[in-house]
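Here's the structure, in structure tokens; my notes come after.
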């Protein structure tokens, strides 16, 4: 039950049978995912015809009856993957049966192409998403095999993969898909089956990209990363989800083939992207126009696209890089993105979603319809479904496999990367983690079972502890400060030993790099890994989030119910006496500011659960 | 030769035969326009097949041979309009002949629709642009009639307008065009011909809009202003050019029908748009995705779309509002937009153009191809042509008719709205304006001819003199301070009388409204109406525009060759030691700043004439 299973690399992943999340933040999210979100997605796909497409294809009425966009099949597959990692779902067997019936004798499977009245197979590699859909099919088949033994879906996936290898192999079409995704899936299938040709095909797809075989579209070939070969690129660019899926696939290929230079290329791109093209939340992709990264430091909070799926893809990439290198900065990035992007998308009830995750919402917008698809970035509220509804199933599969992200092993012992109330067992070691993280910063690790020889317990000390030291308490009671990175304890542990990590959870002002022009003169509040925001529903009547000012010489403090209070926050009246032209001499008078008792901030991931509202993460400081 | 000729309103426009620009900034621009830009546009349209479309239609090969987008016809018409206002062009007669030949017997004329193998007429009102194209055809026909007497093009335009009235009249298709534009043109044709039905049709189009007759597209119906009736809207929204053309048409209808409430509605929208949705340059439209306005105060400089055509349309709207109301703030807005958007688009040689006018360019980009169409917003350099090449001809027609924007008359006398070295004659009065504005702030008005009774000379005192008073010197030598708005002198003038307006031209820091989040903590420099910018070609080697800091406690001063020097400007080294994560505690150390001798700033309209460069208008101040 290992979601990502490299055959080599610095760290070894654990399976979902080895890690159990037993309480706290993620347990709650995972419970809602399993009991509400999976059904919600299935119901919607039935309603909008995406599951029905497979039946329509079998029954010869697909030309007339097909519903959804060209990539609708992929979301059915992602749902099946989520169901597999979640331990199964009653709807899965029938779905798999329908899908299997729709597969053509040569392994081709796509409800949008190739049948009478439809466009021919592979006639539109730029936008057709056929290989992308296979990728999700194959990934679902792999998940089914790992979670419950190889079943029908895995066979369908293998037939599809064989068809892809035959059609796009060295002697086939010299093409790639406009949307990378199949690369990771083919590598996983190779890992599952031991079949070299799936890996070879993935490597071929990675190497083919960047040479301009896809058409030059309005957004440029960078949109689908066909502008520069993966090995030569210095930063992620173009459509964020495409870029991140491709990078994840390149890591998979690099790891399996021992290609150090390819791995190093992706690490370089990741470093530049994280240092210059990532939001405080971990969100990636600034542009609405083409859902793409912006240039370096172009990170407008109010036009943040920060697509949910880019968050999912970023976690996938970070996880792969962590396994390959063991470097805790990749786990830092995954944590940031999990708490502030992936956890932000679904509503508290798990039945509506943010497609995009803006850091500043200026108008409350309208309430999305409960029974119709919504535009992608229209309202301040989450919507139950979108015409392009890739995020619900992407969140669902991520939450389902999340326990696998907590820990790894290597020849020296166990590494803890993410903190949750959990039980972990591997290599003759059993650990009990007790914590209310991220509400509380104390993580206790009890050794329940241990071999009789020395081994190393490694704990990630989050990068966000910069300037506010964390401490580690050894079984013998020794307490020491630990710097951001990795804290390791090597010894002959005994059952009952307890190790305690104490993380500093006081809320803190965060300042942006001055090169991020869009947030100059503002600060944000972070509490542990969790980014906070001001939401209009918490303001006194007549005040707007856009007229807030805070004083960073004060300190934010913990408030009730996981809120943070920024004392000394100032609220200015809104501009009813505004000037007719909003630019003027430096000495033009400003509207007066009034002191407020204290500004309530809430975790960013929790916003917009109390009706339409405005919101901002970056809070202007007192000056201009 | 009056470009916009309302039959009533507060002020009366002058014709191009009554105002002559004799020197200075606009004389140079107009000379290049007449001697280079018109030929350039004509050559490109021949090359890319837009003029050839009419020939292909006549010869029955349009299905196979048509070039350009669905609205390509409109640019041929805009070029003919520009040629008419410019006093004619040798290529015009043949063009008109071809166009006339392509008109169908019932008056329909469009090379993209209705012929064998093409889509049916009016089958796509949302995107088809057929009525939009008529609008430009009619406007060109009006221009030809006013500039040189009614010729063949005017007849073609009347036949087309008659066809539109028959097809879209009260008993016809209850539709509107996805792109407003025909409204102003029909009113002008009614003014030219005295035919009421053209005005009625324009009024019908204005009233029909906003009721959702067009389809609800991905961008929403606000994109083409079909979300809210014109009379009820409170701010301009959606696609900027569409919104501005529609508003201009609504003003035309309101003026001709005496509809005060419609006029008041547009004035309200203009006020809100200028106060909250306009760039310092006068540029409008912040979003790349749909070329639309953003929400209030969403004005990111580095993602400014600020389409050239929106600048042209904004000047058209301001001019109409000025004529209707006499309020000088509309002339202020026109001046700002003319100097900082319209004048920015064309290169110094008049043969390449900015489609969009960003206020912050972070990467120099590549050199656009000299012989191929360019993407709309890719390079730091102007491109010779675009697939959607609406801006070159829009700039050309604006420069050609620009003298008409300088002055008006009313029953009391003459009003001067824009300043240039010029000769003006109207109502028995002849004026000689001598000035090197905007390089120099002194404008001398000599009375060369005057009636023998008292009349009033009104001079606009620009809004940009806020905080730096202007002075007016009467013929008797009396010198007084004049506040922003209008300065009027009423007397019995004598030939030889001289009036002098002294405008304060010292460069000044401009601060943005604190609600414009994207430019918090920055200042800009304006010198008179001209916005300045820092361009990388003026920086010492190794420095980037993105690492500039200025100290607003110093004063910018005039430099050589129309430059401004910001003494005390600081230049920080770029971030070669940048942190791996660009957010951190408030006390995280910053890279050191080094004092620089002085930062050279150039007029924004002149940037990117010296090779690829980076640029910024808003300059970060010393703090964070």
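General remarks:
- Among the candidates A:539, A:501, residue that is more than 14 Å from residue A:618 (Cβ to Cβ), away from chain B (no Cβ under 12 Å), touching a residue at least 24 places away in the same chain (Cβ under 8 Å) and surrounded by 22 or more Cβ atoms within 10 Å (Cβ to Cβ): A:501
- Evaluated against (1) more than 24 Å from the chain's Cα centre (by Cα); (2) under 30 Å from residue A:549 (Cβ atoms); (3) crowded, with 22+ Cβ neighbours inside 10 Å, residue B:468 falls short on exactly one condition, (3).
- Assessment of the stretch B:266-283 against the conditions (under 30 Å from residue B:160 (Cα atoms) and either over 19 Å from the mean Cα position of the chain (by Cα) or part of a helix (DSSP H, G or I) (or both)) yields at least one matching residue.
- Of the criteria (1) without any contact (Cβ under 8 Å) to a residue 12 or more places away in the chain; (2) closer than 14 Å to residue B:236 by Cβ, which one residue B:266 fails: (1)
- Which listed residue is within 14 Å of chain A (Cβ to nearest Cβ), touching a strand residue (DSSP E or B) at 6+ places or on another chain (Cβ under 7 Å) and not in a strand (DSSP E or B), from B:392, B:368, B:403, B:364: B:368
- Any chance residue B:251 is more than 12 Å from chain A (Cβ to nearest Cβ), closer than 26 Å to residue A:375 by Cα and in contact (Cβ under 8 Å) with a residue 24 or more places away in the chain: no
- Test: residue A:618 is within 11 Å of chain B (Cβ to nearest Cβ), at pLDDT 85 or above and more than 34 Å from the chain's Cα centre (by Cα): no
- Hey, residue B:301 buried (at least 24 other Cβ atoms within 10 Å of the Cβ) and not in a helix (DSSP H, G or I) or not: yes
- Residue satisfying condition, being at pLDDT below 95, crowded, with 21+ Cβ neighbours inside 10 Å and either touching a helix residue (DSSP H, G or I) at 6+ places or on another chain (Cβ under 9 Å) or outside any helix (DSSP H, G or I) (or both), within set A:185, A:147, A:190: A:147
- Residue ranges of strands (runs of 3 or more DSSP E) in the stretch B:466-514 with at least 1 members in contact with a helix residue (DSSP H, G or I) (Cβ under 6 Å, 6 or more places away or on another chain): B:485-491, B:508-512
- Going through (1) more than 9 Å from every other protein chain (Cβ to nearest Cβ); (2) surrounded by fewer than 14 Cβ atoms within 10 Å (Cβ to Cβ); (3) at pLDDT below 80 one by one, residue A:590 falls short only on (1).
- Meets criteria (within 13 Å of chain A (Cβ to nearest Cβ) and surrounded by fewer than 18 Cβ atoms within 10 Å (Cβ to Cβ)) for residue B:520: no
- The residue of the stretch A:340-349 that is nearest to residue A:384 (Cα to Cα), among those that are touching a residue at least 60 places away in the same chain (Cβ under 8 Å) and surrounded by 24 or more Cβ atoms within 10 Å (Cβ to Cβ), is A:346.
Residues checked against (1) under 15 Å from residue B:354 (Cα atoms); (2) in contact with a helix residue (DSSP H, G or I) (Cβ under 6 Å, 6 or more places away or on another chain); (3) surrounded by 22 or more Cβ atoms within 10 Å (Cβ to Cβ):
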{"site": "B:270", "(1), (2), (3)": "no, no, yes"}
{"site": "B:273", "(1), (2), (3)": "no, no, yes"}
{"site": "B:277", "(1), (2), (3)": "no, no, yes"}
{"site": "B:283", "(1), (2), (3)": "yes, yes, yes"}
{"site": "B:288", "(1), (2), (3)": "yes, no, no"}
{"site": "B:305", "(1), (2), (3)": "yes, no, yes"}
{"site": "B:318", "(1), (2), (3)": "no, yes, yes"}
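- Which numbered condition residue A:375 misses (of (1) under 27 Å from residue B:286 (Cα atoms); (2) crowded, with 22+ Cβ neighbours inside 10 Å; (3) out of contact with any helix residue (DSSP H, G or I) (no Cβ under 7 Å at 6 or more places or on another chain)): (2)
- Qualifying residue in the stretch A:566-578 (condition: out of contact with any helix residue (DSSP H, G or I) (no Cβ under 7 Å at 6 or more places or on another chain), at pLDDT 75 or above and within 13 Å of chain B (Cβ to nearest Cβ)): no
- No other residue among A:70, A:81 is assigned to a loop (DSSP other than H, G, I, E, B) and crowded, with 17+ Cβ neighbours inside 10 Å apart from A:70.
- Residue within the stretch B:473-484 that is touching a strand residue (DSSP E or B) at 6+ places or on another chain (Cβ under 6 Å) and within 14 Å of another protein chain (Cβ to nearest Cβ) present: yes
- Qualifying residue in the stretch A:128-143 (condition: under 19 Å from residue A:50 (Cα atoms), assigned by TED's automatic domain parsing to the domain that holds residue A:62 and in a loop (DSSP other than H, G, I, E, B)): yes
- The set of residues in the stretch A:448-465 being more than 30 Å from residue A:532 (Cβ to Cβ) and either within 14 Å of chain B (Cβ to nearest Cβ) or surrounded by fewer than 19 Cβ atoms within 10 Å (Cβ to Cβ) (or both) consists of A:448, A:449, A:451, A:452, A:453, A:454, A:456.
- Residues of the stretch B:324-338 that are touching a strand residue (DSSP E or B) at 6+ places or on another chain (Cβ under 6 Å) and buried (at least 24 other Cβ atoms within 10 Å of the Cβ): B:331 alone.
- Residue A:318 satisfies every condition listed in (1) more than 14 Å from chain B (Cβ to nearest Cβ); (2) within 15 Å of the chain's Cα centre (by Cα); (3) over 16 Å from residue A:239 (Cβ atoms) except (1).
The values are calculated or read from the model by the stated rules, or taken from the named source; none is laboratory data. Keep in mind it's a predicted model, so treat the numbers as computed, not measured. With ideal geometry, Cβ positions are generated from the backbone for all residues, glycine too; neighbour counts draw on all protein chains shown.
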